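The values are calculated or read from the model by the stated rules, or taken from the named source; none is laboratory data. Since the structure is predicted, the reported quantities are computational estimates derived from the model, not experimental observations. Please note: Cβ atoms are built from the backbone with ideal geometry, for glycine as well, and neighbour counts cover all protein chains shown. When the accessible area is computed, the model is the full protein with side chains, heavy atoms only, and any ligands, DNA or RNA have been set aside. Shrake-Rupley method; radii C 1.70, N 1.55, O 1.52, S 1.80 Å.
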Amino acid sequence: MAAAGQPTANKPPCEELAWFSWLSIVQSDEHRMRPNVPKVAQRRLHLLMWLLQLPIGGQGIVNPSNESANMVVYMLPAGDVGPRTWQVGVDCLDSFSQIFFYRNPLERFTRSYNLMLTNVFNMTLPADLIQQGFSQRINEAISDPEPHPDRQLFQLRVISDHLNTTKFFGELLLADNYVIVVDSVERLHMLMSHHVSKSRSWNPGARFLVLFNNAQMWERPWTVASQIFNDLMSNFYVHRVALIFSDSLSNYNLLVNDYYSNVDCRVLSVQSVGQCKDGQLFPSAHAVHVAMSDYISGFSPKNCTFYVCAAIAAPFVEEDCILGIEMRILGFMRNRLQFLVNQTCTRDTRGEVDEVGKWNGLLGKLEDGECDFIMGGFYPDNEVVGIFWGSDCYLQDAHAWFTKLADRRPAWQAMVGIFRPYTWICFLLVLLLSWLCWYALVCLLPEPQYFQPLSLTGINALAVSICISVQERPVCESTRVFFVILALYGVNVVAVYTSKMISTFQDPGHLHQMDTLQEVVAAGVPFGGVEESRDWFENEEDLWIFKAYNSSPEFRPRTQNLKNVQQGQRSILSSRMYIMQNLYADDIYAFPQNVFVSPMQLIMKAGFPFLYEMNMIIRYMRDVGIIHKIDSDFRYNNTYLNRISKMRPDFAATVIVLTTEHLKGPFGILIVGICSAMLTFLGELLCGYRSHRRRQRRTRRRSKWRRERQQLHRAVAPVVRFTPVKRRKVL
């Protein structure tokens, strides 16, 4: 064995030294080097060399008068040597671990719990032997073929400080219990920071049982316990810690960290739950179990104040930091668990890892210890789960792209848009067919001559088709039958068009609406959202979205940014519940296809001691329908009630009044008709003028020819004078 403070190489204890409790005298160096020393004396010399490595727990006698003698005498009590010095620590660790690792049957897992043992090298004795002895006892219990109904089985894991690298073998469950044997506070800190906390199964919310054995610290149990508890809480966020502190070789003090208590919550306090003497719990195992039960029952959030950092994201957290859906859920948990909250609301986002590996946003505050947990409509994220903890999910929200609502159609376009284009084409074909049929009938039948012009039959067919009376009513029976059928057709078409025209006057509709991100990009509109939503597009199909995604503050779901969305300046990815309660809910357009649908949760630092209690409250609220009621009330208030309120008389000023905007269609038809008539009139004048000129030229040529013939006749024929005969008067 080695003296306290001397390193050893993890060797089993020497059984030959267990029975020596007498004095050993060291002779001078000259006498020890003589070759004729008896064998008994040589054996005594070997024993002396081993005794020099024993703990300096006895009284050493040195002869100062003769420096060359070099003689040291160690006087050790019988109880300070032998396996009893470390066997007591193993028994105490075994007995108290059964009590400390006990779980309430209502809180137990269906699987076996994971037990993590540490194997620390170069420790002093008897801490090193206690570590080996407890590990040996655990392995013997595992290999014991005899069944023990009262024995609790664990999945055993071992971590050592021998290697600085840790090998990972697949996915592992988090450790549930830790057993650590150390001989100094510095060694415990190095072991936790370099090995235990770096393992994949690291769980700061587990139960930590630490055995501390150092002869130089026997008189300072409260100081060492405060140092250990404070180091584990501040640096590793570990709260469920119990310490088995060695007061002597055979006596241990059982201490716990009473940081969360009903009286002085969140104040570091060291509490003793019993002692262990000679490997037996004192005053009894039952008394220690009762003390531990009182400690565990008092380890609760009651009367504790927790700091909550919330992101202002209506409807989950309103700007006043009092109202909101998540605030209602937090208030329910606060009333049931009887704790207090000190909430602060900011415009910060959830946060991401920056270039230097630090978290920003609210997660940065959570990592720095400024908050106990954060909220604000946050959904589970794989990047966050590995570092932080999240509560059970309690709400569900969908995220979609929101862009500018299409412009309202002009009223005259709305009037044209009552029927689809192919319907209008059908009407024109029917009008053309009716025109030709009318013209054929009036030409074949003995109708009046002035009924037969082609243009007149077309005008009459159009007039009858739109239910306008005509003056040229047919005379023949066949033409009259055709007239009646065409009139009935026109009555039905006009009735259908008029019924749709009234609603179109009130709501003319919108022009083409962009409902895909490809159309948004083609229109040159930038798009983006919060940074944590960008990860949804990190795949092969949506990689172009991931690259063009804009996460600047101008693309965060805010009222001012939604105003820019209404104006068509950008497109934003936001939650539907946020837009539903916003002022611009009816003024922007939401894509019908959701980008993703995800639940929401609270995010807290890994190791938060009351995650189980909060999860149980959330499960109760979900099972009895409270969360569903909160969600239903929100959707009902922001859909039906808001729509009903907009139809009240207070909003009479928004009633649509018919203006010249609605008459642009008729006015346009009238202007087109007048312009067509003027063009037709000018065409007729031009054609008439040209025909008149041709007739004049033809007449001139004929009159000139006549004059020439008359002159020719006059020149050639003799002059004959006719004497008029006086008419006789007949009686």
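General observations
- Gln518 paired with Asn360, simple spin-label distance in nm, labels 7 Å along Cα-to-beta-carbon: 3.4
- For the pair Lys547 and Leu433, the difference between a 0.36 nm per residue extended length and the Cα-Cα distance amounts to 35.2 nm.
- Backbone HN-Hα couplings from phi across segment 464-473 [Karplus 6.51/-1.76/1.60, Hz, Gly and Pro as x]: 5, 5, 10, 6, 10, 6, 10, 7, 7, 6
- Karplus (6.51, -1.76, 1.60) ³J(HN,Hα), θ = phi - 60°, over segment 669-686, in Hz, Gly and Pro reported as x: 4, 5, 5, 4, x, 5, 4, 5, 5, 5, 5, 5, 4, 5, x, 5, 4, 5
- Highest-first arrangement of 444-453, 460-469, 281-290, where packing means the average Cβ count within 10 Å: 460-469, 281-290, 444-453
- For Arg534, Arg336, the ranking by accessible surface with the largest value first comes to Arg336, Arg534, using a 1.4 Å probe.
- Accessible surface for Trp438 stands near 10 Å², nearest 10, in the context of the full protein assembly shown (1.4 Å probe).
- The largest-to-smallest principal axis extents of the Cα set in segment 305-388 are 40, 24, 21 Å.
- In this simple spin-label model, placing a label point 7 Å from the Cα along the Cα-to-Cβ direction at both Asp247 and Glu146 gives a separation of 3.4 nm.
- Peptides ranked, highest mean first, by Cβ atoms within 10 Å: ranges 360-373, 114-127: 114-127, 360-373
- When the inverse distances between all different Cα atoms of segment 517-600 are averaged and flipped, the Kirkwood radius reads 13.3 angstrom.
- Gyration tensor verdict on segment 411-506 (Cα atoms; rounded if a/c is under 1.5, prolate if a/b is larger than b/c, oblate otherwise): prolate
- For the peptides 566-573, 684-691, the ranking by packing is 566-573, 684-691, with the highest mean count of neighbouring Cβ atoms within 10 Å listed first.
- Between amide H atoms placed 1.01 Å from N, distances below 5 Å from Gln155 occur with Tyr113, Asn114, Leu115, all of them 5 or more places distant or on a separate chain.
- When the alpha carbon gyration tensor of segment 83-297 is reduced to an equivalent ellipsoid, the three semi-axes, largest first, read 23, 21, 20 Å.
- Pairwise Cα distances in segment 451-499 exceed 15 Å for 45 percent of all pairs.
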